[in-house]
Amino acid sequence: MKGKIVRILNGMLCAVLVATLFVSVISMNSGNGLQSGSPAGGSPTEVWVDDDFDSSTPGWGVDHFDVIQDGVDAVAEGGTVYVYNGMYYENVDVGKTIDLTGEDRYDTIIDAGGSGDVIHVSADWVNASGFTLRNSGGQGWPVYDAGIKLHIVQNCTVIDNNASNNSGHGIYLRYSDGNSVTGNNASNNSEYGIHLEDSDGNSVTGNNASNNGYGIVLVDSDGNNITGNNASINDDYNIYLYSSNWNNITGNNASSSIWGSGIHLSSSNWNSIIGNNASSKGEDGIYLFYSDWNSIIGNNASSKGEDGIHLFYSDWNSIIGNNFSSNKEIGIHLSSSNWNSVTGNNASNNSVHGIRLEDSDGNSIIGNNASSNVHGIYVYDSDFNVVDGNTVSSNENGITLSSGDGNTIQGNTVSTNFGYGIYLYSSVNDFVYHNDIIGNTNQAFDDRTDNYWDDGYPSGGNYWSDYIGADSFKGPNQDIPGSDGIGDTPYVIDSDSQDDYPLMESFSPNLPPIAIAGTSLDSGSLRLDGSKSYDPEGDTLTYTWVLIGITDPTFNDVRVGVAPLIDDLVAGEYEVTLRVDDGGKSDTDVMLLGILPKPGKVYPADALADLMDDAQAAGVTGGALQMLQNALDKWNQGDKIGSIKHLTNFIDMVGQDASLSDEDKNELIDKAAIILASMEFG
């Protein structure tokens with residue numbers, strides 16, 4: 001089982017991402033002084049800042065200020081500081097849990113004057129949005145200045161800011177876990193656009209990190225989601241991982257790096273690099289250095305300087321379904337890299353090699369297209385590799401083995417190459433069989449006597465388009481009357497190499513499909529989604545889903561189709577197995593699916609009040625309870641966005657409250673999720 005867990009609400013998403021920012025919340029009560037936001041004898045829960053405010057402004061010095069830091073210092077824990085458009089020359093230090101909200105990210109400008117961080121956050125659960133953050137200091141290694149820095153914090157949200165033109169980083173997370181960085185512009189910074197250092201479990205989504213020194217950089221950071229960002233045209237690496245594991249790098253544009261690679265992994269393991277566009281003007285599209293067990297799937301990677309993807313001292317990686325074409329040198333390049341799986345990729349139209357292995361052992365090169373290169377597949381000083389089911393055509397040489405031992409070439413289509421189809425040089429104990437060798441200028445070359453050009457009888461050898469022998473006999477010695485699909489006489493390659501059992505017809509292997517299960521919402525109805533499954537040869541697939549109840553072990557159901565409806569399922573946990581079949585071979589993928597109860601009509605104000613009572617009864621106190629109170633207050637004020645944001649924070653805080661029982665946590669979170677859904681969709 002691949003371990004995917006999906007938790008959903010019947011008919012709608014359970015988690016609501018609040019990225020609709022500020023809206024018109026800043027109707028801001030600019031003339032009411034204390035009345036709306038300042039409990040008697042306490043700090044105000046709402047504060048307003050405008051660089052045009054002065055001592056004549058009602059509430060001046062209490063909940064109205066002209067300096068952001070003064071507003072931050074004055075506001076209550078869990079409160080909100082609203083900042084009007086203007087120019088603010090200061091460094092802002094946020095050491096308490098608040099919302100810091102700018103009116104507009106382009107016109108609400110904080111300028112640090114070339115010294116320190118523009119905003120420095122040292123408290124958990126801070127939400128910062130709607131600012132231009134510029135002109136930070138240039139303090140360098142080991143701790144850089146930044147447009148916004150989260151330092152030793154958790155569960156903060158950085159949304160819709162313009163963190164550009166800083167002498168350090170744009171956005172910097174240091175020793176900070178579980179934060180969300182969404183929809184920001186972090187470009188034109190001297191160092192990194194977005195930097196995560198010793199920071200785990202963060203979400204970095206939909207940001208622009210272009211035209212920096214580096215784009216997005218992870219150092220000693222694990223389990224982060226880097227999704228849907230534009231990290232392009234940076235001086236060095238567009239996306240760079242160092243000593244960072246279990247990260248998900250998906251759907252990013254990491255194109256046109258000036259000097260470095262589009263995506264670069266160094267000493268980083270178990271990462272998923274999926275569906276990215278990665279290119280470089282100087283180095284490789286994707287580069288792995290001492291990095292193991294990574295999944296490189298469905299990317300488009302190219303280089304005007306070197307290779308599409310290059311693995312150096314990197315083992316046990318999966319390179320599946322990528323496009324590595326039109327590179328200056330090599331499409332797929334493995335150097336001193338062992339036991340990798342290279343499957344279903346396009347490595348065509350490269351200036352030198354489609355696929356090259358050097359000093360690399362035990363790799364599987366399966367079902368790739370390596371055509372229209374100088375060398376289609378070139379294996380040098382590499383042992384015990386399997387080259388199976390590839391299309392290798394219109395190259396100078398199709399498949400070359402040089403100075404290797406014990407490699408297997410089987411099931412490939414090697415055609416119309418204008419040098420040699422298959423070329424073995426100083427390579428021993430290699431097995432070459434079940435290939436279609438068609439219309440090459442020179443079909444094959446072998447300068448040794450200790451390679452094997454067939455798989456014995458009755459398995460047979462290769463199909464040779466220029467074989468002219470007959471098939472009138474059968475048997476190991478081809479001396480028994482009757483045909484068997486094997487030529488009666490050997491196919492002679494040279495004076496000491498031959499295929500003893502040439503095939504009379506084309507050998508067409510069937511490669512297995514790849515099953516990828518997932519869930520999606522389609523036209524408002526909840527469906528399973530197997531659309532990312534594929535067959536390396538493009539065969540038509542059938543999709544079968546088996547659902548087994550975990551909550552109710554008696555439940556067992558089968559659905560068919562690429563995206564069957566499941567909105568009839570009752571609440572509970574299910575194990576879902578997708579099986580895809582191409583008519584000959586199949587593959588499966590398993591996920592866990594959680595269905596929450598479908599809510600009836602929910603009235604958020606009443607439901608929030610009831611949830612407050614339940615939370616207090618369960619022992620929730622402090623910041624989490626304040627977040628829930630804020631959610632109720634915001635809803636009653638007509639601020640839907642603010643209410644959703646505070647309720648989302650309540651869910652996160654309850655989930656991490658070690659003093660609560662698991663039963664109480666789950667009950668409170670499920671109730672809050674239903675309220676969230678009613679706010680968003682009701």
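The values are calculated or read from the model by the stated rules, or taken from the named source; none is laboratory data. Quantities reported herein were computed from a predicted structural model and do not represent experimental measurements. Methodologically, a virtual Cβ is constructed for each residue, glycine included, from the backbone with ideal geometry; neighbour enumeration extends over all protein chains shown. These area figures cover heavy atoms from the full protein model, side chains too; ligands, DNA and RNA do not enter into them. Shrake-Rupley method; radii C 1.70, N 1.55, O 1.52, S 1.80 Å.
Here are some notes:
- Sole exception among (1) touching a strand residue (DSSP E or B) at 6+ places or on another chain (Cβ under 8 Å); (2) open to solvent by 10 Å² or more (accessible area, probe 1.4 Å) for VAL580, by number: (2)
- All positions within the stretch 67-84 that are surrounded by fewer than 18 Cβ atoms within 10 Å (Cβ to Cβ) and part of a loop (DSSP other than H, G, I, E, B): VAL67, GLU77
- The residues of the stretch 411-461 that are aromatic (Phe, Trp, Tyr) and either open to solvent by less than 60 Å² (accessible area, probe 1.4 Å) or in contact with a Phe, Trp or Tyr (Cβ under 7 Å, 6 or more places away or on another chain) (or both), listed by number, are TYR420, TYR423, PHE431, TYR433, PHE445, TYR452, TRP453, TYR457.
- The lone exception for ILE26 - which of (1) farther than 30 Å from TRP246 by Cα; (2) at pLDDT 50 or above; (3) buried (at least 17 other Cβ atoms within 10 Å of the Cβ); (4) not small (Gly, Ala, Ser) it fails: (2)
- Positions within the stretch 131-153 being surrounded by 24 or more Cβ atoms within 10 Å (Cβ to Cβ), part of a loop (DSSP other than H, G, I, E, B) and more than 27 Å from the chain's Cα centre (by Cα), in sequence order: PHE131, SER136, ASP145
- Close pairs (6 angstrom Cβ cut-off, 6 or more residues apart or separate chains): more than 21 Å from ASP235 (Cα to Cα) in the stretch 254-277, surrounded by fewer than 24 Cβ atoms within 10 Å (Cβ to Cβ) and among the β-branched types (Val, Ile, Thr) anywhere: ILE274/THR250; ILE274/ILE297; GLY275/THR250
- Of all residue pairs spaced 6 or more apart or on separate chains, those with beta-carbon atoms under 6 Å, a first member in the stretch 301-330 that is free of Cβ contacts under 8 Å to residues at least 60 places away in the same chain and aliphatic (A, V, I, L, M) and a second member that is assigned to a strand (DSSP E or B) and open to solvent by 40 Å² or more (accessible area, probe 1.4 Å) are ILE330/ARG356.
- Tally, over the stretch 211-241, of residues that are surrounded by fewer than 24 Cβ atoms within 10 Å (Cβ to Cβ) and of a type in the set (Gly, Ala, Ser): 4
- Residue match in the stretch 188-206 (condition: part of a loop (DSSP other than H, G, I, E, B) and among the hydrophobic types (A, V, I, L, M, F, W, C)): no
- Test for GLU329: is it acidic (Asp, Glu), within 21 Å of ASN277 (Cα to Cα) and surrounded by fewer than 22 Cβ atoms within 10 Å (Cβ to Cβ): yes
- Answer residue from the stretch 378-397, given it is within 15 Å of ASN440 (Cα to Cα) and assigned to a strand (DSSP E or B) and is farthest from the chain's Cα centre (by Cα) among those: ASN397
- Residues in the stretch 417-442 that are polar (S, T, N, Q) and within 38 Å of the chain's Cα centre (by Cα): 2 in all.
- Residues of the stretch 261-279 that turn out to be assigned to a strand (DSSP E or B), within 17 Å of SER303 (Cα to Cα) and among the hydroxyl-bearing types (Ser, Thr, Tyr), as a count: 1
- Residues of the stretch 534-566 classified as of a type in the set (D, E, K, R) and open to solvent by 70 Å² or more (accessible area, probe 1.4 Å), total: 2
- Candidates ASP388, ASP381, filtered to the one that is at positive phi and either aliphatic (A, V, I, L, M) or open to solvent by 10 Å² or more (accessible area, probe 1.4 Å) (or both): ASP381
- Residue within the stretch 506-527 that is within 30 Å of ASN451 (Cβ to Cβ), surrounded by 17 or more Cβ atoms within 10 Å (Cβ to Cβ) and more than 27 Å from the chain's Cα centre (by Cα) present: yes
- Matching residues, the stretch 85-98, being hydroxyl-bearing (Ser, Thr, Tyr), open to solvent by 10 Å² or more (accessible area, probe 1.4 Å) and assigned to a strand (DSSP E or B): TYR89
- Residue count, the stretch 281-305 (criterion: open to solvent by 60 Å² or more (accessible area, probe 1.4 Å), more than 13 Å from ASN327 (Cβ to Cβ) and within 16 Å of the chain's Cα centre (by Cα)): 1
- Just one residue in the set ASN247, ASN253 is within 20 Å of ASN224 (Cα to Cα), modelled with pLDDT of 95 or more and open to solvent by 40 Å² or more (accessible area, probe 1.4 Å); that residue is ASN253.
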